[in-house]
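The values are calculated or read from the model by the stated rules, or taken from the named source; none is laboratory data. The structure displayed is predicted, hence computed values, not measured ones. Neighbour counts are summed over all protein chains in view; Cβ atoms, including those assigned to glycine, are modelled from backbone coordinates with ideal geometry. Ligands, DNA and RNA are stripped out before the accessible areas are found, and what is left, the full protein with its side chains, is counted by its heavy atoms. Shrake-Rupley method; radii C 1.70, N 1.55, O 1.52, S 1.80 Å.
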Amino acid sequence: MKKINVFVVPIHGTVLYPYQNLKLRLTDLQFYDAKVNNNYVAIIPVVDQQIDGIQRIQRFSQYGTLVRLTSEDYTVYASNKIYQAFSFARIKIDSIIKSTPYYMISAEVLSDEIVDEQTLWSSQIIDNLKGLAKQYLEQFQMNPSPQFLQIIQEEKNINKLFFMIATNADFHYSQKLKLLQIDDHNTKITLLIQYLKTKVEEFAQTKALEQKVSKDLMQQMNKQASKTNNQSANLPGFSYKKQKNNDIEKLQAKVKEANLPDHVREIVEQEMQKIEKGSMGVDSNVTRNYIDLILQLPWNQQVEETLSIEKCKETLDADHFGLTKVKERILQFLAVKKLRKERKITDSNGQGSIICFFGPPGVGKTSLGQSIAKSLNRPFYRIALGGVSDEAQIRGHRRTYVGAFPGSLIQAIKKVKCKNPVILLDEIDKLTSNHRGDPSSALLEVLDPEQNSHFMDNYLNIEFDLSGVLFIATANQLETIQPALRDRLELIEIVGYTVKEKVAIANNYLIPKQLQKNGLVNEQVTIPQEIIHSIIKQHTNEAGVRQLERVIAKIYRNIALKYVTDQQNFKTIVVDQEGLIEILGPSMLSDKHTTPLISIPGVCKGLAWTPAGGKVLMIESVKMEGKGKFEITGMLGDVMKESVRTAIGWIKAYWPQIKMLSKLNSHVNFDALDIHIHFPAGATPKDGPSAGVAITTAIVSLLTGLKVKSDIAMTGEITLTGRVLPVGGIKEKILGAFESGIFSVIIPHRNKANLIDVEAEIREKMSIHLVKTIDQVLQIALEGNGPNFKMINLANL
Ligand SMILES: Nc1ncnc2c1ncn2[C@@H]1O[C@H](COP(=O)(O)OP(=O)(O)OP(=O)(O)O)[C@@H](O)[C@H]1O
């Protein structure tokens, strides 16, 4: 048996089996060196105490999977990469050889190869397993691909077959873990067959119940219908049968008139026959609804597109202030589209054919989509994907389900009545997946130009051509978009607005728009510039302008009411501070210019990105006698907790130099010291690696007694060797500092290019320090002996 020492990637709530190609995201790259580890990692499930019958070591399942990284896919952050990988063997943990700051295990690589499979299993057992798997997949995966079913059917290696089925089955976590932990081939195949059988039986029972409910409902409705029928029949000149025939005739006429493709007409005629033969029960209603949907779909209708780049530019400029770069990217995208269309080029390989606007809420992502539709003269439809976790919401339910309906795409097409609308897939980053399928994969098919001309909705059950649709996606963040889906997207970032930009948007766009919406004219109301500033600074808290628009609308509604109630005595209203408070109430936000300028050792200001814009984030640390522990509070995510560990790791490693440079006389014994680090606003969750430099600075300040300058804030990720790595959201963070009255910031040198996004006027008022290493941060940020912090080992990094 081969033994291996390997780096652990813990996983939660799921199990990875061998023989899988996968994309693996590694977040611990400051600790993981692919070369040293021969590109191996161990994927080990974390098992909580409630799950019985699972062999474990500490908090881990004793069994896991050995994975080899085959190539690097792309970098999310510097220490956060996605790899192509292959899982190729089960492993059994012997012991945990390291647990901090990351886990390493010593494990035995298990060989699951079966020497002579013929002697172990009769073909009957294998056929039984394959048959059950097929039945199960057809029932639960709604539409398993025929290729996949064929692969299962033809797989000769029983071990591969076992893992393939276990991977694709939606078993309970504890069952999945058990299947991973069994070494004996007979036992594991028997258990898999047993799990599949239970699932298939459960399905049959649910189905029977559904049919019974449906039958009872049908009987009730039939009873009701014949009751109405009898009552109506007593009325002179009224015949129920006649009405039924009339309905059918009307439907037949509609079908005749409809401009349906031949294959669709055939299906409709078959369904019509069912109605003609059948009673007026539930089934008949289902069929009618189905025919209605088919008749309402625009099988051949297209609107004529006017793709003129000048017109698009005009519309985008008329609807949106600024966003020069974004508009330019949109025009480039449309220009390429126009050329490809003219030259009839279709070989897109699915790459970058869908535009995706990403950025904080309220910056105009949706309204840019609307403007694009307007300028192309195509109808616009928005599909909200936030929280969608069921594939059926995209692809529809089969008609056999009670209460089935078509998916959101077919509903959108029905609504816009043409085959080539602009469809906005809003919040594509908020899709989740569960046992009912993965909506991201369904979308993947929808967005692939090579597949979407044959899009199949489960309810409609007839292919519909979606290739004429222009899809636009929006997202607040990129990390949660499924990687394969993200590959399809042409990403266009929209960053938050400065106060000056918000004022211009309010004056030129939001005020005229809301005046008109609320039936007012300029002469009736004026909002002076200083009041617009007050609204932005004291009554809204956002990177975009959505709240600002709401506040303006609220003011106008108030004034409209005043005008309507007393038109004769109404005089032009100039909104002042008192009027503002009367309408909006007192400001709930603390004045942004009051970031406390505290300067005590252990306190440092970081810069954070939030959906509401950049914020100054105070970091506090204290020390006390103890046993070398450190505590972190303030609702931090895992990545941020790791930043704290990295900071402490670096400080301990470089302590002799830090002590010397800070001219510290007293002795610091880390083993007899507890450190507590707190991130105030403890109820707000915080995460990400970008507080690394601020955390390190706070702790160095705490231990050396040198204060951090009170008027400086910083952002940057650190590595264990003291390098400062780039981070996201630079524009928002610098604006956040500026608006909080902090005019000196430290940012990673590798973020220099992002400074171009910050308005020149603000850049000039600030001193922005670009740093490559943590000692440069300490030189700039620490008072007293801070400027001495030139560390020899970091100079060459
Ligand atoms: N640059 C701009 N110029 C004019 N109006 C703007 C601009 N940016 C945003 N708006 C307006 O702000 C409002 C909110 O914008 P929108 O709904 O498009 O935001 P969003 O980015 O899609 O937000 P979310 O992520 O929450 O969906 C809209 O009325 C929009 O017209």
- Message: Leaving out ligands, DNA and RNA, and with a 1.4 Å probe, what % of the accessible surface on the chain is carbon or sulfur?
- Response: 51 percent
- Item | Eligible lysines near LYS562 by straight Cα distance, threshold 25 Å, same-chain separation 8 or greater | LYS513, LYS517, LYS554, LYS571
- Item | Label-point separation, ILE600 to LYS207 (7 Å along Cα→Cβ), nm | 7.0 nm
- Note on the structure: Debye calc, one equal point scatterer per Cα of region 2-110, no solvent, log10 I(q)/I(0) at q = 0.13, 0.21 1/Å comes to -0.45, -1.17
- Which of the aspartates and glutamates could be linked to LYS627 by a straight reach, that is with a Cα gap under 13 Å, when you skip same-chain ones fewer than 8 residues away? ASP671, ASP674
- Item | Gain in span if fully extended, ASP317 to GLN153, counting 0.36 nm per residue against the direct Cα distance | 53.2 nm
- Could you state the accessible area per residue of region 491-559 in Å², with a 1.4 Å probe and every protein chain left in place? 43 Å²
- Note on the structure: On the formula 1/(1 + (r/R0)^6), with r taken between the Cβ atoms of ASP674 and THR14 and R0 of 30 Å, the FRET efficiency rounded to 0.05 is 0.25
- Item | Potential lengthening between LYS659 and ASP687 on full extension [0.36 nm per residue; Cα-Cα distance subtracted] | 7.1 nm
- Taking a probe of 1.4 angstrom, what is the accessible area of ILE11 in Å², to the nearest 10? 30 Å²
- Just check region 499-584 against the gyration tensor rule for me: Cα atoms, a ≥ b ≥ c as the square roots of the eigenvalues, rounded for a/c under 1.5, and otherwise prolate or oblate depending on whether a/b exceeds b/c. prolate
- Query: Counting Lys +1, Arg +1, Asp -1, Glu -1, what net charge surrounds SER453 among other residues with beta carbon under 13 Å of its beta carbon?
  - Reply: -4
- Note on the structure: Shape call for the chain, from the Cα gyration tensor axes a ≥ b ≥ c (a/c under 1.5 means rounded, otherwise prolate when a/b beats b/c, else oblate), comes out oblate
- Note on the structure: Taking every DSSP bridge whose two residues both lie in the chain, the antiparallel percent to the nearest 5 is 60 percent
- Please list, or write none, the aspartates and glutamates whose alpha carbon is within less than 19 Å of the alpha carbon of LYS81, excluding same-chain residues fewer than 8 places away. ASP28, ASP33, GLU72, ASP73, ASP429, GLU479, ASP487, ASP638, GLU642, ASP687, GLU717
- Query: According to a simple spin-label model (label point 7 Å from Cα along Cα-to-Cβ), what is the distance in nm between GLN252 and LEU191?
  - Reply: 6.3 nm
- Per the C-alpha gyration tensor (a ≥ b ≥ c, the square roots of its eigenvalues), region 670-797 is rounded if a/c is under 1.5, else prolate if a/b beats b/c, else oblate; here it's prolate
- Message: Keeping all protein chains in the complex and leaving out DNA, RNA and ligands, what accessible area do you get for HIS172 with a 1.4 Å probe, in Å² to the nearest 10?
- Response: 110 Å²
- Message: Ordering PHE455, PHE31 by accessible area with a probe of 1.4 Å, largest first, what comes out?
- Response: PHE31, PHE455
- Message: For a Förster distance of 30 Å, can you work out the FRET efficiency between the beta-carbons of SER367 and LYS752, rounded to the nearest 0.05?
- Response: 0.40
- Under 5 Å, built H, 5+ apart or other chain: amide partners of MET618: GLY606
- Message: Calculate the FRET efficiency for LYS415 and ASN508 from the Cβ-Cβ distance with a Förster distance of 35 Å, rounded to the nearest 0.05.
- Response: 0.65
- Would you mind checking LYS254/LYS274; LYS344/LYS419; LYS365/LYS502; LYS659/LYS709; LYS313/LYS430; LYS365/LYS605 for any pair whose Cα atoms are more than 23 angstrom apart? LYS313/LYS430; LYS365/LYS605
- Full extension from GLU530 to VAL564: what is 0.36 nm times the residue separation minus their Cα-Cα distance, to one decimal in nm? 9.5 nm
- Message: Suppose accessible area is computed on protein heavy atoms with a 1.4 Å probe; arrange LEU703, LEU478 from highest to lowest.
- Response: LEU478, LEU703
- Query: By accessible area of protein heavy atoms, probe 1.4 Å, what ranking do MET456, MET640, MET164 get, highest first?
  - Reply: MET456, MET164, MET640
- To the nearest 10 square angstrom, how much accessible area does MET624 have with a 1.4 angstrom probe? 80 Å²
- Separation between the ASP184 and ARG382 pseudo-spin-labels, each 7 Å from Cα along Cα→Cβ, expressed in nm? 6.0 nm
- In Å², rounded to a whole number, the accessible area per residue of region 2-110 with probe 1.4 Å is 45 Å²
- Taking only DSSP H segments of four or more residues, each worth -39500 (n - 2.57), what value at 222 nm results for the chain once the sum is divided by all its residues, to the nearest 500 deg cm²/dmol? -13000 deg cm²/dmol
